[in-house]
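Down below is the structure, laid out as structure tokens.
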Amino acid sequence: MNIAAKLGLAKVAFELVVQREKEAARAAERVGFKEVATLEDRIKDCWGNYQDVMILEIPVADRERW
């Protein structure tokens with residue numbers, strides 16, 4: 001987050017595969033990330049199943065929580 005602040009970024013965002021990374025989403029939400037979008041059936045896994053992608057973000061100004 002300090003690097004993001006030094007670069008002048010307003011927000012930090014990341015994406016994850018909902019069905020495979022539920023714990024990561026919960027951990028990110030506990031430190032202040034908010035879900036901004038879920039893209040249904042966005043990617044196909046190695047077995048040919050479509051998976052949802054979640055995008056989470058946090059304002060750089062909230063970095064004091066860390």
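Worth pointing out:
- Residues that are without any contact (Cβ under 8 Å) to a residue 12 or more places away in the chain and either surrounded by 13 or more Cβ atoms within 10 Å (Cβ to Cβ) or more than 29 Å from N2 (Cβ to Cβ) (or both) within region 46-66 comprise C46, W47, G48, N49, Y50, listed in sequence order.
- Check on A10, surrounded by 13 or more Cβ atoms within 10 Å (Cβ to Cβ) and of a type in the set (G, A, S): no
- Count - residues of region 1-48 that are polar (S, T, N, Q) and part of a loop (DSSP other than H, G, I, E, B): 1
- One residue stands out in region 22-41 among those that are of a type in the set (K, R) and either loosely packed, with under 12 Cβ neighbours inside 10 Å or at pLDDT 95 or above (or both): the one that is farthest from A61 (Cα to Cα), namely R26.
- Verdict on D45 being out of contact with any strand residue (DSSP E or B) (no Cβ under 6 Å at 6 or more places or on another chain) and modelled with pLDDT under 95: no
The values are calculated or read from the model by the stated rules, or taken from the named source; none is laboratory data. Not measured: the values here are computed from a predicted model. In this analysis, Cβ positions are derived from the backbone assuming ideal geometry, glycine residues included, and neighbour counts consider all displayed protein chains.
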